[in-house]
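The values are calculated or read from the model by the stated rules, or taken from the named source; none is laboratory data. Quick caveat: nothing in here was measured; it's all calculated off a predicted structure. Using ideal geometry, Cβ is built from the backbone for each residue, glycine included, and neighbour counts are taken over all protein chains shown. Accessible surface is based on the protein model in full, side chains and every heavy atom, while ligands, DNA and RNA are left aside. Shrake-Rupley method; radii C 1.70, N 1.55, O 1.52, S 1.80 Å.
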Amino acid sequence: MFRVVIPARYASSRLPGKALLPIAGKPMVEWVYGRARASAAREVLIATDEGRIEKAARAFNATVVMTQTTHESGTDRIAEVARLQGWGDRDIVVNLQGDEPLMPPTLIDQVAALLVKHPQAGMATLSYAILSLEDFLNPNVVKVVSDPAGRALYFSRAPIPWNRDGAPAGLVSQKDFSGARRHIGLYAYRVEALKRLAGLPPSELERQEKLEQLRALSNGIEIRVADAVESPGPDVNDAADLERVSRLMRSR
């Protein structure tokens, strides 16, 4: 059994008020909450520091936990929720980001099961194959490389793994992206790992890449990665993503 926490903040740098922006007649956070409720999670909570998000979430009968305003990452916010709720150190919580209105519930179940399968790991996440050079070079598409056993080695906004021989004239000449994996922004944590992460300062790699999972790797926390059993829908990073997702939702 596991829980889902959806960290939702208002002050998104690329799309302010993102969690409350309407998609097919509902605020985005309501779609995300519905995806989580369709999973096997025993409990789903929305974690926010913003009264407007709290009000909107309670309007669709979500459970809301108000958190501090000082958190630098979703992981930190979820760690506060775990402390406030008194969850046990070996309990599993899934971080479903608030900009994933098309996340398949099967992937929520899969990432939780992956952590159950590897009791020595502190975190688990998912990935899938990158299918275009455009995505490979796009800094908004986070890449992950793992060892043969499925332990994460690194996450980056840069195009990795990089085939040196495939780009004789530099970055724009690269044509080979075989083996590249796109990271899905979906995590399962053990509460003990969450508590440890929350007590650590952001790592230098985390600051540079703006990827919170690098704090875990920088401090020796094992992250397991598996191939997603289903393709996730697009997330929402900017206005163009919002329009694309809105069209998809309206078409359904």
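Residue by residue, here is whether (1) of a type outside the set (S, T, Y); (2) surrounded by 15 or more Cβ atoms within 10 Å (Cβ to Cβ); (3) more than 25 Å from M123 (Cβ to Cβ) holds:
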residue	(1), (2), (3)
M1	yes, no, no
V4	yes, yes, no
S12	no, yes, no
E30	yes, yes, yes
R35	yes, yes, no
A38	yes, yes, no
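Go through segment 206-239 and report how many residues are open to solvent by 70 Å² or more (accessible area, probe 1.4 Å) and either out of contact with any Phe, Trp or Tyr (no Cβ under 8 Å at 6 or more places or on another chain) or among the acidic types (D, E) (or both).
The qualifying residues number 6.
Got at least one residue in segment 154-165 being open to solvent by less than 70 Å² (accessible area, probe 1.4 Å) and aliphatic (A, V, I, L, M)?
Looking for residues that are open to solvent by less than 70 Å² (accessible area, probe 1.4 Å) and aliphatic (A, V, I, L, M), one finds at least one in segment 154-165, hence yes.
So if I check each of V93, V81, V116, which one is at pLDDT 95 or above, under 20 Å from A216 (Cα atoms), open to solvent by 50 Å² or more (accessible area, probe 1.4 Å) and within 19 Å of the chain's Cα centre (by Cα)?
The unique qualifying residue is V116.
Is it fair to say T69 is surrounded by fewer than 15 Cβ atoms within 10 Å (Cβ to Cβ) and under 20 Å from the mean Cα position of the chain (by Cα)?
Against the criterion (surrounded by fewer than 15 Cβ atoms within 10 Å (Cβ to Cβ) and under 20 Å from the mean Cα position of the chain (by Cα)), T69 qualifies.
Output the residues belonging to segment 181-230 that are in a helix (DSSP H, G or I) and in contact with a strand residue (DSSP E or B) (Cβ under 9 Å, 6 or more places away or on another chain).
Correct list: V191, A193, L194, L197, L205, E209, Q213, L214, A216, L217.
Consider segment 40-66. How many of its residues are of a type outside the set (A, V, I, L, M) and buried (at least 21 other Cβ atoms within 10 Å of the Cβ)?
1
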